[in-house]
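The values are calculated or read from the model by the stated rules, or taken from the named source; none is laboratory data. Just so it is clear, the structure is predicted and the values come from calculations on it, not from any experiment. Every residue, glycine among them, receives a Cβ derived from its backbone with ideal geometry; neighbour counts consider all protein chains shown.
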Amino acid sequence: MSKYLETIHFIREQFPGKDFVPLHEPKFNGNEKSYLLETIDSTYVSSVGPFVDKFEEMMADLSGTSKTIAVVNGTSALQVALRLVGVNNGDEVLTQALTFVATVNAILYNSAQPIFIDVDLDTMGLSPRAVATFLEEFGEIRDGFCFNKKTNKKIAACMPMHTFGFPVDLEELIIVCNNWNIPIVEDAAESMGSEYKNRPVGSFGKLGVFSFNGNKIITSGGGGAIVTDDWELGAKAKHLTTTAKRPHPYEYVHDDMGYNFRMPNINAALACAQLEQLDLFLADKRNLATAYANYFTTRGINFREEQPNTKANYWLMCIELENKKDRDLFLKETNDNSVMTRPIWQLIFKSSLYADFQKDDQKNALFLEQRIVNIPSSAR
Ligand SMILES: *Cc1c(COP(=O)(O)O)cnc(C)c1O
């Protein structure tokens, strides 16, 4: 007799007709096919085309920023965004260890190092209080920039991540980072459609980054975007991600070490069709979240809901179990019964490659790591 049989049954009921219930699957009921055919008929399937322009306009609108740059994936968007705020060889970047590995890899790709700061228990994202505590102990302003007294390295950026689409406490974080003159790059890869105080996340930092990978709320197959209100940075982002080629009718002159990170038109076509349905996806996920909240709350299980003053996109929904033993049992029973569930990420510094970077006590991250499980969350 399994402890979670009734729960498995309830989850199945939310996804009628499915033998296997995936964690998150994309849904293509809009203009996807017609837009994709349009790109093929036009021959514009590659790195330029009208859907790229349309996607960048739609994204600027939806993210509440003035400029969007479409790129191949969220990881490369993070890499370029960090470079653009001035992260250089040997610098340090404040971020959380409770995240997907791409957040940290993007720092390493810039030959910089992460400093792992704890998360808040309620948001599961970077804790402004923990950032402040760390900087009070280790921070020092030299020539207007923040340095780490322990390593003598420049702390060149702070990169919060909005875990599963739940916004971090941005207002507090902005105050702390402004005090120390540290620019913020938001890893909003998971949070298209989430809001903090009625403003889209991704629009609070100097730059924000989104992902449109197949498992995210909106997918372009693979894809990412950099958003910003800073026109100069936006223009630089476009330049760097398109091989740093100087505009010229026919000559090839490249004035920087750029990247081939352009989003192909064929992917942008898919992204446009998906973005048109964002409100539908958000509404259906919210319905599912309400059903889950009612079910789990009456059974004494903590279903994670959005914080006051925020709107979550409920990309991946999650419950918090009592302890690791319960968590492991829940994972086993659900997956054995074709209901896909997954634990939250192993903390990044537990992999040997990332073990030697500076970190604080990680009290909340360690607590959540043992207890949080994602449950099926697809829009239906
Ligand atoms: C998905 C994701 C990324 C990377 O996006 P890709 O498009 O897969 O490269 C980065 N950070 C977080 C937190 C993510 O969830």
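May I ask you to say which residue of Asn337, Asn313, Asn364, Asn267 is assigned by TED's automatic domain parsing to the domain that holds Phe55 and either touching a residue at least 24 places away in the same chain (Cβ under 8 Å) or closer than 20 Å to Leu126 by Cβ (or both)? Show your work before the answer.
Values: Asn337 fails: assigned by TED's automatic domain parsing to the domain that holds Phe55; Asn313 fails: assigned by TED's automatic domain parsing to the domain that holds Phe55; Asn364 fails: assigned by TED's automatic domain parsing to the domain that holds Phe55.
The unique qualifying residue is Asn267.
Is there any pair with a first residue in the range 341-352 that is within 20 Å of Ser378 (Cβ to Cβ) and a second that is buried (at least 20 other Cβ atoms within 10 Å of the Cβ) and of a type in the set (Phe, Trp, Tyr) whose Cβ atoms are under 9 Å apart and which are 6 or more apart or on different chains, and what are they?
Within 9 Å, the pairs are Thr341/Phe330; Ile344/Phe164.
Among the residues of the range 285-331 satisfying the criterion of being assigned to a helix (DSSP H, G or I) and among the polar types (S, T, N, Q), which is surrounded by the fewest Cβ atoms within 10 Å (Cβ to Cβ)? Please lay out each step first, then the result.
Looking only at the range 285-331, we keep the residues that are assigned to a helix (DSSP H, G or I), and these are 285-298, 324-331.
Cutting the leftovers down to among the polar types (S, T, N, Q) gives us 287, 290, 294, 297-298.
Values: Asn287: 14, Thr290: 13, Asn294: 11, Thr297: 12, Thr298: 8.
Out of the qualifying residues, it is Thr298.
Residues checked against (1) within 12 Å of the ligand (Cβ to nearest atom); (2) aromatic (Phe, Trp, Tyr); (3) touching an Asp or Glu at 6+ places or on another chain (Cβ under 7 Å):
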{"site": "Asn73", "(1), (2), (3)": "yes, no, no"}
{"site": "Asn88", "(1), (2), (3)": "no, no, no"}
{"site": "Ile107", "(1), (2), (3)": "yes, no, no"}
{"site": "Asp118", "(1), (2), (3)": "no, no, yes"}
{"site": "Leu126", "(1), (2), (3)": "yes, no, no"}
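Could you check the range 29-42 and list, in sequence order, the residues that are of a type outside the set (Asp, Glu) and either modelled with pLDDT under 95 or surrounded by 14 or more Cβ atoms within 10 Å (Cβ to Cβ) (or both)? Outline the logic, then answer.
Going residue by residue through the range 29-42, those that are of a type outside the set (Asp, Glu) are 29-31, 33-37, 39-40, 42.
Gly30, Asn31, Tyr35, Leu36, Thr39 - these are the residues of the range 29-42 that are of a type outside the set (Asp, Glu) and either modelled with pLDDT under 95 or surrounded by 14 or more Cβ atoms within 10 Å (Cβ to Cβ) (or both).
Taking the range 147-170, which residues are more than 18 Å from the chain's Cα centre (by Cα) and either within 16 Å of the ligand (Cβ to nearest atom) or of a type outside the set (Ser, Thr, Tyr) (or both)? Explain how you work it out, then say what you get.
Taking the range 147-170 first, the residues more than 18 Å from the chain's Cα centre (by Cα) are 147-156.
Result: Phe147, Asn148, Lys149, Lys150, Asn152, Lys153, Lys154, Ile155, Ala156.
Sort out which residues of the range 50-69 are closer than 15 Å to Val201 by Cβ and in contact with an Asp or Glu (Cβ under 6 Å, 6 or more places away or on another chain), and write them in order of number.
Result: Thr65, Thr68.
Spot the failing condition for His162; the list is (1) free of Cβ contacts under 8 Å to residues at least 40 places away in the same chain; (2) more than 25 Å from Gln358 (Cα to Cα), and only one is missed.
The single condition His162 does not satisfy is (2).
Looking at (1) in the same structural domain as Ser194 (by TED's automatic domain parsing); (2) part of a loop (DSSP other than H, G, I, E, B), can you tell me which one Met59 breaks?
It fails just one condition, (2).
Restricting attention to strands (runs of 3 or more DSSP E) lying wholly within the range 121-181, give those where 2 or more residues are surrounded by 14 or more Cβ atoms within 10 Å (Cβ to Cβ) and among the hydrophobic types (A, V, I, L, M, F, W, C).
On the way: elements: 139-142, 145-148, 155-159.
Because the criterion is at least 2 residues that are surrounded by 14 or more Cβ atoms within 10 Å (Cβ to Cβ) and among the hydrophobic types (A, V, I, L, M, F, W, C), the strands (runs of 3 or more DSSP E) in the range 121-181 that meet it are 145-148, 155-159.
Taking Asp143, is it among the acidic types (Asp, Glu), touching a strand residue (DSSP E or B) at 6+ places or on another chain (Cβ under 7 Å) and away from the ligand (no atom under 16 Å from the Cβ)?
Values: among the acidic types (Asp, Glu): yes; touching a strand residue (DSSP E or B) at 6+ places or on another chain (Cβ under 7 Å): no; away from the ligand (no atom under 16 Å from the Cβ): yes.
Answer is no for this residue.
Out of (1) surrounded by fewer than 17 Cβ atoms within 10 Å (Cβ to Cβ); (2) under 26 Å from the mean Cα position of the chain (by Cα), the odd one out for Leu282 is which?
Going through (1) surrounded by fewer than 17 Cβ atoms within 10 Å (Cβ to Cβ); (2) under 26 Å from the mean Cα position of the chain (by Cα) one by one, Leu282 breaks only (1).
Being part of a helix (DSSP H, G or I) and either in contact with a helix residue (DSSP H, G or I) (Cβ under 7 Å, 6 or more places away or on another chain) or under 19 Å from Leu98 (Cα atoms) (or both) is the filter here, so list the residues in the range 332-349 that pass it.
First, the residues of the range 332-349 that are part of a helix (DSSP H, G or I): 332-336, 348-349.
Within the range 332-349, Glu333, Thr334, Ile348, Phe349 qualify.
Just name the residue that is surrounded by the fewest Cβ atoms within 10 Å (Cβ to Cβ) out of those in the range 182-224 that are of a type in the set (Ser, Thr, Tyr) and within 13 Å of the ligand (Cβ to nearest atom). Even if it seems obvious, please write down each step before you answer.
Filtering the range 182-224 for residues of a type in the set (Ser, Thr, Tyr) gives 191, 194, 196, 203, 211, 219-220.
Keeping just the survivors that are within 13 Å of the ligand (Cβ to nearest atom) gives 191, 194, 211, 219-220.
Details: Ser191: 31, Ser194: 24, Ser211: 29, Thr219: 22, Ser220: 29.
The selected residue is Thr219.
Quick check on my filter: what residues within the range 350-380 are in a helix (DSSP H, G or I), under 19 Å from the mean Cα position of the chain (by Cα) and among the hydrophobic types (A, V, I, L, M, F, W, C)?
Taking the range 350-380 as the starting set, the residues that turn out to be in a helix (DSSP H, G or I) are 350, 352-354, 363-369.
Remaining after also requiring under 19 Å from the mean Cα position of the chain (by Cα): 365, 368-369.
Passing the criteria: Ala365, Leu368.
Yes or no, residue by residue, for (1) within 25 Å of the chain's Cα centre (by Cα); (2) small (Gly, Ala, Ser); (3) not in a loop (DSSP other than H, G, I, E, B):
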site: Asp19; (1), (2), (3): no, no, no
site: Lys27; (1), (2), (3): yes, no, no
site: Gly30; (1), (2), (3): yes, yes, no
site: Ser34; (1), (2), (3): no, yes, yes
site: Lys54; (1), (2), (3): yes, no, yes
site: Ala77; (1), (2), (3): yes, yes, yes
site: Arg83; (1), (2), (3): yes, no, yes
site: Gly90; (1), (2), (3): yes, yes, no
site: Val93; (1), (2), (3): yes, no, yes
